[in-house]
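Below is one structure; the comments refer to it alone.
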Amino acid sequence: MLSESIASLADRIFRDQGKTPGPSSSGKPAELSTGQWAANHYRFADILFSLSSDNSEFKSRFERIFSECKLETQQNQQSDLQLSTRAIPGKSITLVQLIGSGQTDNISFLKALFPEQGFKELAQSVDCWRLLSSTGSNNLPVLALNGNDILADNSFPWYTIVAHFAIATAMRIQPENLFFHGATNSIAGKGVLLFGDKGAGKTTLSLALAAKGHGFLGDEYATVNSVTGVLIPFRRAVSIRQGPQAPQIARYVTEHHGEMEILADGSSRTRFSVKQLLPDLPGSRCPLSHAFFLQKLADKPGATFFNMALQQLEQTSPLLGTIWDQSSARCALKILNVFRSVRCYRLTPGGTPAETAKLIENILEQDKHVSQNKS
């Protein structure tokens, strides 16, 4: 059972905001009980991550999304990052702890990570716990933070907030890796990275390549080692929009029921495990050789080569965990260094997804011959 002092503190934070807070404490982390909860273990790029929770719904939802990263065997080594959630008995409050996340301003990190939540830090604090309200909470706290501990009001949808906060933190503590919003494949041992705005067709195109037997490393988080230029798998369940798909993908989606999700813009997607869609699909590390920046849809596919320069860096969409706590100049140099040896194309999807995938195959084959002739 959680310590009585934490239960009392939760009352003071979330129910007694009209009272004057007591004197500030030493700010020590919240105390957890010694009770055991079986942990699930995951690999997120180069770190080991563990999740233990007494909330079965949160734990199972996390597993459904990141099952591709889950490790089935118990790891002998300690996890680099540990997330735990515990309900406070008799209270509609959950204690969240993230161990191994290092030091950063988590209030600012949450605000930047979830601008749509309208998080605002309240003027008062309670025993070193900083309080956050959100849009629609009438200036009442929905989260309280003290270092890497979080108290969450269960009436607030904290599942998504905590999960994405943990993933973004996992990225932040891997400064040697660059994380982008993109999809990644491997073709004949060469890494391919697909960039594009939301709805541009990254998932559709990466699955079309996978349906042709090419490796699939992920469709949401693209990970590149900034020193070696190697693409690192970071798979999660794929979310498929309505529209054209490769025949094999379209057939599976028609015959099976996935998990429906409604996006912030009101559109819907259906989530499937990649292992369900394409069993035994390869997805090993490989050197990044090509990057394609998806443009607007056209009648037929086309591509134009360009050299990556400082002006195009914004198009690579680095994720917050990559740029946080780093100067913009240092981050820009790391990205430029990686893409210095990468063949970059502006890609116009067109025709069917399979036709656009074929164009990518042809470009890689063509560049291979050009490289061989030069050598």
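Quick notes
- Sequence ranges 219-226, 104-111, ranked by mean other-Cβ count within 10 angstrom, highest first: 219-226, 104-111
- Fraction of beta bridges assigned by DSSP in segment 177-374 that are antiparallel (%, nearest 5): 75
- Backbone amide hydrogens, once placed in the peptide plane, bring Ala291 within less than 5 Å of Leu193, Arg343, Cys344, Tyr345, excluding anything fewer than 5 places away on its chain.
- Cα centroid separation, segment 139-184 to segment 237-282 (Å): 25
- Beta bridges from DSSP with both residues in the chain: antiparallel share about 80 percent, rounded to the nearest 5.
- Label-point separation, Thr270 to Ala123 (7 Å along Cα→Cβ), nm: 5.3
- Pairwise FRET efficiency - Ser8 versus Thr304, Cβ, R0 = 45 Å, nearest 0.05: 0.10
- Annotation: extensible slack from Ala250 through Asp46 equals 70.1 nm (criterion: 0.36 nm per residue apart, minus Cα-Cα distance).
- Peptides ranked, highest mean first, by Cβ atoms within 10 Å: ranges 291-301, 197-207: 197-207, 291-301
- Stokes-Einstein diffusion for the chain at 4 °C, viscosity 1.567 mPa s, with a Kirkwood radius from C-alpha pairs, works out to 58 µm²/s.
- Between Asn362 and Asp105, residue separation times 0.36 nm minus the direct Cα-Cα distance comes to 87.8 nm.
- Segment 344-361 versus segment 306-337: alpha-carbon centroid distance in Å: 25
- Relative contact order of segment 177-374, defined on C-alpha pairs under 8 angstrom at six or more residues apart (%): 27
- Counting neighbouring beta carbons within 10 Å and listing from fewest to most, the residues Met308, Met171, Met260 come out as Met260, Met308, Met171.
- Note on the chain: helix-only mean residue ellipticity at 222 nm, from DSSP H runs of 4+ residues weighted -39500 (n - 2.57) and normalised by residue number, equals -8500 deg cm²/dmol.
- Karplus (6.51, -1.76, 1.60) ³J(HN,Hα), θ = phi - 60°, over segment 253-262, in Hz, Gly and Pro reported as x: 4, 5, 8, 10, 9, x, 8, 7, 10, 9
- Extreme residue, positive dipole direction of the chain, given options Phe66, Ala291, Asn55 (C-beta unit charges): Ala291
- The relative contact order of segment 39-132, computed from alpha carbon pairs under 8 Å that lie at least 6 residues apart in sequence, is 21 percent.
All of the numbers you see were taken from the coordinates with simple rules; none came from a lab. Computed from a predicted model, the values in this text were never measured in an experiment. A quick note on method: Cβ atoms are made from the backbone with ideal geometry, for glycine too, and the neighbour counts reach across all protein chains shown.
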